[in-house]
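Participant: Can you read through this structure? Questions will come right after.
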Amino acid sequence: MMNKKVKTKTQNFCKLVSVFTSIFIVSPAYASDWLQCANLTQIDVSTCQILNYPSASYEYAISYNTTEPLPVVCSFWNVGARIYNKQPYLIVSDNPTAGMNYGGFIFYKGTQASDDATSTCSAGQWRHRYWQLTQNNRIELNFSNGCSGAEIPVFCRARKEASINNILNFEQKRLALLPDSSLLKSNR
């Protein structure tokens, strides 16, 4: 029978192997798990980036109308910024038998739209709208939920192409949030 100290060290070693396996043996689409890294008000409009999570190393997601983070794109064209979901999901689907549309959400700020956040929303907030694909594959903007900001969480994850050090740093941040993060500490 193993003594308690050896058993604990063996268990911790197995946990660490599991963590490092999840870091280095990942599906092709992901380098790491999603981590809440900011909220909508913390995205810099001029760069479409979050401080300490540059978009060259991290991709972003927003959980809006879903329980899981949806990957988003933050783009800027001439003036302002737009954040929108990459892959459409079903909207206008309260009664599926009456019809449904593919679409999603868009948050915008600093644009020339008459209802933009800079003119009607309080400081730091973004204007929200839903978008949908029409039968002719045109994008049409729909109704709005008004202004949004600190209540909208933004998630980050290290890009697949990110360096090993970047992935390790990201995994350390993620593990620090877990209740059993003590597995990285020594049991002396």
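Participant: What are the residues in the stretch 86-103 that are over 17 Å from TYR60 (Cα atoms), under 23 Å from the mean Cα position of the chain (by Cα) and open to solvent by 100 Å² or more (accessible area, probe 1.4 Å), if any?
Facilitator: Hit for the stretch 86-103 is TYR102, nothing else.
Participant: Restricting to the stretch 27-55, what's the tally of residues that are of a type in the set (Gly, Ala, Ser) and either buried (at least 19 other Cβ atoms within 10 Å of the Cβ) or within 14 Å of the chain's Cα centre (by Cα) (or both)?
Facilitator: Going through the stretch 27-55, the residues of a type in the set (Gly, Ala, Ser) turn out to be 27, 29, 31-32, 38, 46, 55.
When the remaining residues are screened for being either buried (at least 19 other Cβ atoms within 10 Å of the Cβ) or within 14 Å of the chain's Cα centre (by Cα) (or both), the result is 31-32, 38, 55.
Result for the stretch 27-55: 4.
Participant: Within the stretch 147-159, is there a residue that is loosely packed, with under 13 Cβ neighbours inside 10 Å and under 22 Å from GLN49 (Cα atoms)?
Facilitator: Narrowing the stretch 147-159 to residues loosely packed, with under 13 Cβ neighbours inside 10 Å: 150-151.
Then drop every residue that is not under 22 Å from GLN49 (Cα atoms), which leaves 150-151.
Checking the stretch 147-159: at least one residue is loosely packed, with under 13 Cβ neighbours inside 10 Å and under 22 Å from GLN49 (Cα atoms).
Participant: Related question: I'd like to verify a number: residues in the stretch 66-85 that are open to solvent by 100 Å² or more (accessible area, probe 1.4 Å) and either in a loop (DSSP other than H, G, I, E, B) or within 17 Å of ALA38 (Cα to Cα) (or both), how many? Working first, answer last.
Facilitator: From the stretch 66-85, those open to solvent by 100 Å² or more (accessible area, probe 1.4 Å) are 67-68, 76-78; that's our starting set.
Of the ones still in play, those that are also either in a loop (DSSP other than H, G, I, E, B) or within 17 Å of ALA38 (Cα to Cα) (or both) are 67-68, 78.
Residues meeting the conditions: 3.
Participant: Picking from ALA38, ALA31, which residue would you name as being modelled with pLDDT of 90 or more and under 22 Å from ALA176 (Cα atoms)? Can you show your working first?
Facilitator: Details: ALA31 fails: modelled with pLDDT of 90 or more.
Going through ALA38, ALA31 in turn, just one is modelled with pLDDT of 90 or more and under 22 Å from ALA176 (Cα atoms): ALA38.
The values are calculated or read from the model by the stated rules, or taken from the named source; none is laboratory data. In this text the structure is predicted, and so the values were computed from the model without any measurement. Neighbour counts are summed over all protein chains in view; Cβ atoms, including those assigned to glycine, are modelled from backbone coordinates with ideal geometry. What goes into the accessible areas is simple: the full protein's heavy atoms, side chains included, and nothing from ligands, DNA or RNA. Shrake-Rupley method; radii C 1.70, N 1.55, O 1.52, S 1.80 Å.
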